[in-house]
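See below for the structure under consideration.
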Amino acid sequence: MQTKTLDVQGMTCGHCKMSVEGALQKLDGVTAAEVDLGSGKVDVTYDESKVSLENMKAAVEDQGYDVSA
């Protein structure tokens, strides 16, 4: 398992937090996603053999947020 911190712009509320965490946790290989609204950071724990950074970025971007990892 690996942990990666993503920088996500545009998250401002609890709904944003739930959207991003939910989208990431639906990906096969992601075991945990923790959003810190104050910093705009998302800590993701995942199995690098099952999911790529590109998959995670795409899942967050599909929710309407910008990712710079």
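What to note about this one:
- Single residue of the range 1-15 satisfying the filter (more than 15 Å from Lys57 (Cα to Cα) and touching a residue at least 24 places away in the same chain (Cβ under 8 Å)) that is most open to solvent (accessible area, probe 1.4 Å): Met1
- Test: residue in the range 26-37 that is modelled with pLDDT of 95 or more, within 14 Å of Thr3 (Cα to Cα), assigned to a strand (DSSP E or B) and open to solvent by 50 Å² or more (accessible area, probe 1.4 Å): yes
- For the range 16-25, the set of residues classified as under 13 Å from Gly64 (Cβ atoms) and surrounded by 19 or more Cβ atoms within 10 Å (Cβ to Cβ) consists of Val20, Ala23, listed by residue number.
The values are calculated or read from the model by the stated rules, or taken from the named source; none is laboratory data. What you see is a predicted model, and the numbers here were worked out from it, not measured in a lab. With ideal geometry, Cβ positions are generated from the backbone for all residues, glycine too; neighbour counts draw on all protein chains shown. All accessible areas refer to the heavy atoms of the entire protein, side chains included, with ligands and DNA or RNA removed. Shrake-Rupley method; radii C 1.70, N 1.55, O 1.52, S 1.80 Å.
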